[in-house]
Amino acid sequence: MVTIAAAAVVVTAVGFSAARAQDSQVEHEAAPAALLTPKDLPAAWHAATGAIDDPLPAGRTFPSDPPPFFDTDEAGSAQAFAPVLPKQIAARWWRCAWIESALDASPSEAAAAKDQAESMVGRWYDLPGVKDQGVFSNYDSDMRAAAAAAGESEFQVEFDLDCGQLVFEEKGNP
């Protein structure tokens, strides 16, 4: 149990928090760009999901609304996001869909589903919002280390700790 808790700390540090850290890194590296406000997010989300040409697993589609990651605490919040963030979260959602497809496969389909998911997840680094973003360069190796420390599969650890309801689950479905 202690190992799992230690792995959770490592994964949290490299996983979900990396998306928030991206916002800061992109702001410092890129030329000043207009930040997205909550009212801009639906259009930005639609554009981000539309820019991903790689397929989703069978039966999956991107949610039409931005995932809960972008929810603000109150209506009219002054919260703003870097323009690249919807692309990064769309790429994360895509990756999580493939991971979930492998984890949810029936026993007779598990090996093939895992192989297909691993192949697709390997393409994540070329997706809009992830490509050329140095903050993700060690993501897979960090995830492997966290999974080894937890004694769990990489997909299970990543799904449990980095896909979570803020990014992957539909709003209202914990």
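The values are calculated or read from the model by the stated rules, or taken from the named source; none is laboratory data. Treat the numbers as computed from the prediction; the structure is a model and nothing was measured. Neighbour counts are summed over all protein chains in view; Cβ atoms, including those assigned to glycine, are modelled from backbone coordinates with ideal geometry. Side chains are part of the model used for accessible areas, which takes the heavy atoms of the whole protein and leaves out ligands, DNA and RNA. Shrake-Rupley method; radii C 1.70, N 1.55, O 1.52, S 1.80 Å.
Data table
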| item | result |
| --- | --- |
| Of all residues making up segment 136-174, the number that are of a type in the set (A, V, I, L, M), open to solvent by less than 50 Å² (accessible area, probe 1.4 Å) and modelled with pLDDT of 85 or more | 6 |
| Criterion (in contact with a Gly (Cβ under 6 Å, 6 or more places away or on another chain) and either within 26 Å of GLY50 (Cβ to Cβ) or among the basic types (Lys, Arg) (or both)) met by exactly one of ALA82, ALA117, ALA97, ALA91 | ALA91 |
| Every residue from segment 123-160 that is within 14 Å of the chain's Cα centre (by Cα) and either among the aromatic types (Phe, Trp, Tyr) or on the phi > 0 side of the Ramachandran plot (or both) | TRP124, TYR125, GLY129, PHE136, TYR139, PHE155, PHE159 |
| Residue in segment 44-51 that is in a helix (DSSP H, G or I), open to solvent by 70 Å² or more (accessible area, probe 1.4 Å) and at pLDDT below 90 present | no |
| Yes/no for ALA117 being open to solvent by less than 60 Å² (accessible area, probe 1.4 Å) and assigned to a helix (DSSP H, G or I) | yes |
| Yes/no for ALA147 being part of a helix (DSSP H, G or I), touching a residue at least 24 places away in the same chain (Cβ under 8 Å) and over 16 Å from ARG92 (Cβ atoms) | yes |
| Pick from segment 93-102, criterion aromatic (Phe, Trp, Tyr) and either open to solvent by 10 Å² or more (accessible area, probe 1.4 Å) or over 10 Å from TRP124 (Cα atoms) (or both), ranking: nearest to the chain's Cα centre (by Cα) | TRP93 |
| Conditions (1) within 18 Å of VAL167 (Cα to Cα); (2) open to solvent by less than 30 Å² (accessible area, probe 1.4 Å); (3) modelled with pLDDT under 80; number of the one not met by ALA7 | (1) |
| Filter result for ALA90 (under 16 Å from the mean Cα position of the chain (by Cα), surrounded by 13 or more Cβ atoms within 10 Å (Cβ to Cβ) and closer than 22 Å to ALA34 by Cα) | yes |
